[in-house]
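This report refers to the structure that appears directly beneath it.
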Amino acid sequence: MALIAKKYHGEIVDLHHYGHIAVVDADGNILWRLGDPYRVTYSRSSAKPIQAIPLVESGAVDEYGITEKELAVMCASHNSEDFHTDAVLSVLKKAGLDESYLQCGTHYPLSARMEHKFRAEGITPMPVHSNCSGKHSGMLLTAKIRNESLNDYYLLSHPLQVRITETIAEICEYPAAQIVIGCDGCGVPVHAMPMYKFAQGYAKMSKPEVLGPEREKTVRRITSAMTNHPEMIGGTGAFDTELMQAFGSKLFSKYGASAFFAMGLKDRGIGIAMKMEDGNAGIIPIVILETLVQLGEITRDEALSLPSFKDMLVRNRKKEVIGKTVSDFVLEKM
């Protein structure tokens, strides 16, 4: 692993943050790196755009009249804002299902603002409020259109999860038998592989003609839904939403838990995966924006214009600035 950022408290460095970055082309060649691009790690929710491929290929999106916004929420780790939950409930209703079918568990919203709202108004979180409820609704639609069981769709042994694992293996060009599978926070299988292989998957999705004509259509449909409706992917204040709102003509991106992040550079056939070793997701914006600057994809002024970049200031409880977090790395060109 390599030093990736420093957090200053006053004049001295209070914390060092370490991590890894892999910049990879569609053939799996590592173009730039930081730390260990071969580190085996879980992609977590960054896999959701790939997990949506079997959904679209099943024909369920067309059969049930799913809108582009609803497809986007199926790739989301959403904030539980009304437009997110309304979309999930709409998806279920179109398939003749309801919230009781969701097996994603419950939690307060990821967004601190939305969590405060829930607690202040005494709102009890329900399965639809899970940040993964969109993904689960998509899984239910896929199982239903294939006449597969709905009560155990989340289990590794279910045909749906077998297809998802096979799809991830195909997109990332990594043997399915070598994928390390655990259980994600929402109860479905979660997949680990060398992070450069996951970056390769995003590289191929960024230039989907390499996947063949039928899968190209599927992938373009998914990534277009994400960039046309970035508010559905995270929500107000979410970095992947903010990034695509600013640069959606150039890239698509998806945050994953435990400080994993992935993005594809549109039509470039380049994918990027990053992992913070300390799991500090708050460092992601400054690292990703610095990566894009170093790659020449955006200017430093463009990076500085994003609210998430400006939030790297450290403040006390009186909102006074008492420090800052700064990136401290140079990508190694291979």
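So the values come out like this:
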| read-out | value |
| --- | --- |
| Tabulated pairs, region 236-258, first over 11 Å from L306 (Cβ atoms) and free of Cβ contacts under 8 Å to residues at least 24 places away in the same chain, second part of a loop (DSSP other than H, G, I, E, B) and open to solvent by 50 Å² or more (accessible area, probe 1.4 Å), C-beta under 8 angstrom, 6+ apart or interchain | S249/K266 |
| Evaluation of E121 against (1) open to solvent by 50 Å² or more (accessible area, probe 1.4 Å); (2) under 20 Å from the mean Cα position of the chain (by Cα) (one fails), failing number | (2) |
| Residues of region 145-177 satisfying the condition of being of a type in the set (D, E), within 19 Å of G187 (Cβ to Cβ) and touching a helix residue (DSSP H, G or I) at 6+ places or on another chain (Cβ under 8 Å) | E148 |
| Lone qualifier among G269, G237 - being more than 21 Å from V40 (Cα to Cα) and crowded, with 20+ Cβ neighbours inside 10 Å | G269 |
| Residue check, R221 of a type in the set (K, R) and part of a loop (DSSP other than H, G, I, E, B) | no |
| Any hit, region 46-66, residues being under 21 Å from the mean Cα position of the chain (by Cα), open to solvent by 60 Å² or more (accessible area, probe 1.4 Å) and over 22 Å from F309 (Cα atoms) | yes |
| Selection count where residues are open to solvent by 10 Å² or more (accessible area, probe 1.4 Å) and closer than 23 Å to A26 by Cβ, scope region 153-166 | 3 |
| Pair list, Cβ under 7 Å, 6 or more apart: region 114-130 residue closer than 23 Å to M74 by Cβ, other residue of a type in the set (V, I, T) | P125/T106; M126/T106; P127/T106; V128/T85; V128/V88; H129/T85; H129/T106; S130/T106 |
| Lone unmet requirement of (1) within 21 Å of the chain's Cα centre (by Cα); (2) open to solvent by 60 Å² or more (accessible area, probe 1.4 Å) for A72 | (2) |
| Residues located in region 1-38, provided they are acidic (D, E) and either open to solvent by less than 20 Å² (accessible area, probe 1.4 Å) or within 21 Å of the chain's Cα centre (by Cα) (or both) | D25, D36 |
| Enumerated helices (runs of 4 or more DSSP H) restricted to region 78-194, each holding at least 2 residues that are of a type in the set (S, T, Y) and out of contact with any Leu (no Cβ under 6 Å at 6 or more places or on another chain) | 82-94, 159-172 |
| Hits in region 136-152 (condition: open to solvent by less than 40 Å² (accessible area, probe 1.4 Å), out of contact with any Pro (no Cβ under 9 Å at 6 or more places or on another chain) and free of Cβ contacts under 8 Å to residues at least 60 places away in the same chain) | L140, L150 |
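The values are calculated or read from the model by the stated rules, or taken from the named source; none is laboratory data. Model, not experiment: these values are computed from the prediction. We place every Cβ from the backbone using ideal geometry, glycine too, and count neighbours over all the protein chains shown. Ligands, DNA and RNA are excluded from the accessible area calculation, which covers all protein heavy atoms including side chains. Shrake-Rupley method; radii C 1.70, N 1.55, O 1.52, S 1.80 Å.
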